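Data first, discussion second: the structure below is written as structure tokens.
Laboratory data are not the source of any read-out in this text; all were calculated from the coordinates shown. Since the model is a prediction, treat every value here as computed from it, not as a measurement.
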Amino acid sequence: MKKMIAMCALVAPLFASVAFAQTAAAPAAPAAPAAAPAAANTQQDKMKACNTQASGKKGDERKTFMKGCLSNKPAAAPGNSQQEKMKACNKDATGKKGDERKAFMKDCLSK
């Protein structure tokens, strides 16, 4: 019985290594890191720009400025957002009902 347990303990890692060898290579894994450098570059560019603008500031003033600068998001183009389109189309669709309104909204939102 002891020999059987010892043999199982010695053979088990061999079976495990075969199982791990088959799952170790994943073809989809290299695609994900390719997107990460692009995102990192935009953050790096933002950091460079903020550092340039923060020259001359020190201590808490610089810290506050950098926090605000790095958290700023690029402004959306005016009138291009879906929400802006919806507001404008709803305003223009006043008085229309049913299929007429539905057709108008479809046409208006697709522009």
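Some observations on this one:
- The lysines whose alpha-carbon is closer than 28 Å to the alpha-carbon of residue 97, local same-chain residues fewer than 8 away aside, are 85, 87, 106, 111.
- Sequence-distant lysines (8 or more away, or on other chains) whose Cα lies within less than 28 Å of residue 57: 46, 48, 67, 73
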